[in-house]
Each structure stands twice: as C-alpha cells, then as structure tokens.
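The values are calculated or read from the model by the stated rules, or taken from the named source; none is laboratory data. Please read all numbers here as calculations on a predicted model, not as lab measurements. Every residue, glycine as well, gets a Cβ built from its backbone with ideal geometry; the counts of neighbours run over all protein chains shown. Surface accessibility is based on the protein's heavy atoms, side chains included, excluding ligands, DNA and RNA. Shrake-Rupley method; radii C 1.70, N 1.55, O 1.52, S 1.80 Å.
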Amino acid sequence: MTLAPGCPRCPSPVSGEGPWHCSDHGVTTPLWRPVSPGYDDFADCLGRSRPLPSLAPWPLPPGWAISDFGAVTGESGNARACFVTCAGPTDLDGVVEVSVVSEEPGVGRGARCAGVTRTDPGADLGDGPPATRVRVEGHQIPLWPVSTSATDSTFDRSVFAGEAHGRWMWVVLRPASAALMLVEDWPLTDLGTLGPELVALTFVGAPPAW
C-alpha cells in the first residue's frame, strides 16, 4: 500500500503535484494518509513527518494498535503537521480512540480531528489553569479543553490542546468520557525516535472517517 494525498482540512481529494489543490479550500499542502494502516506505510509516514514529532502513548496498552496516521507535507519535506491515532479496549469506556496532532498554526488538521470549523484551537487556550498536562520528552505540556459544542451535536469526543515547542498540539479522545484517561503527566513518545521497538507495533482496521 502507499500513502494517498488529500486535503488536511476536509475529506475532499486533491489534484495536481505543485501546487496541490482542494476543490473546497484551494491551494493546500497535502495530507498523506494510508488507505489501510500498515507497517511499511507507517515507516514512510515517519520519514515524511520530520521535523515534527509523531506522538502517541508508549508503550501502547495491551490490546491497543495504531489505527491511523498521516503527515501534511510537500514534496520538499519539512512537514507542517502530523498525527497518530491509536485505539484499544478499556475497562470503563469500551474501545477508546486517541489521536495526537502536532502542527504549525493555520494548517487545520487538528481542527478536523476535533470536529471544529476554525483552523487553530482558539482563545480558550491559556484562559485559566490547564485541565491537565502531558509529558513529552521530559517536559510538561499544559492542555486546555476545546469546546466542540458549536459543531458537534453528538458530543462524541473530548478535545484538548496546548502549545509545544512553538507548535499546536491537539489530543482528541473518543468517546468523550475517555477524557478521564488523560491523567496528569500522561507520557507521550515521539514514535519516530524509536528503533527496533517499532517492530512490536500492530495496526488495525480502516482509518477513522475524519
């Protein structure tokens, strides 16, 4: 399988190879995403994602697997966004899906996963104390809740966002009740920094319909 190009902000396909063009959003940097996730495509995506970190909880809990991933980048490299989605069973919420997006401002990939119409997290960030913190490479990253009430009538997800090393970081959990998993100091690892450990990764199903 190979990674297929699409729009980072919507499900529309893109055309062209420089510049790429979305019928809804015009000229865009394409999102490279698998049709069905697998190890070879994931290795390809990790290369395309640099210099951004491909963050996920590690090691994955028992029974969990990678269900989606992607990179927003042109042919010359220097990714503008990347994400990893993993899913697996929990005692409290059944099957839970966790997506972590790292992106430059204005890309809109995190907003698409979150189900909001704006491209960036918005003014809620930094308003009051953070809801929680995650740990990335030994650093605590504060996260604030992002409201999806204006666009999500089903309330099927919880969304948190913050800023890490000058970039937005989004954490999207489905179902919404899975927000309780996001305990203080939850560790996230850049999977691109791992070596032989990546062989232990498993992949499952078709990517979510973001």
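Of all residues in the range 187-196, which are outside any helix (DSSP H, G or I) and polar (S, T, N, Q)? Steps first, answer last, please.
Restricting attention to the range 187-196, the residues satisfying the condition of being outside any helix (DSSP H, G or I) are 187-190, 194-195.
Within the range 187-196, Thr189 is the sole residue that qualifies.
Condition (residue is without any contact (Cβ under 8 Å) to a residue 60 or more places away in the chain and within 17 Å of Pro175 (Cβ to Cβ)) applied to the range 104-114: is it met by at least one residue?
Within the range 104-114, one or more residues are without any contact (Cβ under 8 Å) to a residue 60 or more places away in the chain and within 17 Å of Pro175 (Cβ to Cβ).
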query: Within the bounds of the range 32-44, is there any residue that is open to solvent by less than 30 Å² (accessible area, probe 1.4 Å), closer than 16 Å to Thr73 by Cα and not in a helix (DSSP H, G or I)?
result: yes
query: Quick check, is Val199 open to solvent by 20 Å² or more (accessible area, probe 1.4 Å), closer than 19 Å to Pro62 by Cα and assigned to a helix (DSSP H, G or I)?
result: yes
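Here's the yes/no breakdown for (1) modelled with pLDDT of 95 or more; (2) within 17 Å of Leu191 (Cα to Cα):
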site	(1), (2)
Ala81	yes, yes
Val98	yes, yes
Glu104	yes, no
Gly128	no, no
Val146	no, no
Asp152	no, no
Phe155	no, no
field: Unmet requirement for His25, which otherwise passes all of (1) in contact with a strand residue (DSSP E or B) (Cβ under 6 Å, 6 or more places away or on another chain); (2) open to solvent by 40 Å² or more (accessible area, probe 1.4 Å); (3) over 27 Å from Thr202 (Cα atoms); (4) not aliphatic (A, V, I, L, M)
entry: (1)
field: Hey, Ser99 under 24 Å from His25 (Cα atoms) and loosely packed, with under 12 Cβ neighbours inside 10 Å or not
entry: no
message: I'm trying to understand the selection: among the residues of the range 47-66, which are in contact with a Ser or Thr (Cβ under 6 Å, 6 or more places away or on another chain) and either among the hydroxyl-bearing types (Ser, Thr, Tyr) or not in a strand (DSSP E or B) (or both)?
response: Arg48, Leu52, Pro53, Trp58
Failed item in (1) farther than 19 Å from Val96 by Cα; (2) part of a loop (DSSP other than H, G, I, E, B), with Thr148 passing the rest: (1)
field: Residues within the range 151-186 that are out of contact with any helix residue (DSSP H, G or I) (no Cβ under 9 Å at 6 or more places or on another chain), assigned to a strand (DSSP E or B) and open to solvent by 20 Å² or more (accessible area, probe 1.4 Å), tallied
entry: 4
- prompt: Got at least one residue in the range 67-78 being open to solvent by less than 40 Å² (accessible area, probe 1.4 Å), farther than 28 Å from Leu180 by Cα and part of a loop (DSSP other than H, G, I, E, B)?
  reply: no
message: Being among the acidic types (Asp, Glu), over 18 Å from Arg109 (Cβ atoms) and within 22 Å of the chain's Cα centre (by Cα) is the filter here; which residues of the range 11-41 pass it?
response: Asp40
- request: Would you please name the residue that is surrounded by the fewest Cβ atoms within 10 Å (Cβ to Cβ), looking only at residues in the range 112-128 that are in contact with a strand residue (DSSP E or B) (Cβ under 8 Å, 6 or more places away or on another chain) and on the phi < 0 side of the Ramachandran plot?
  value: Asp127
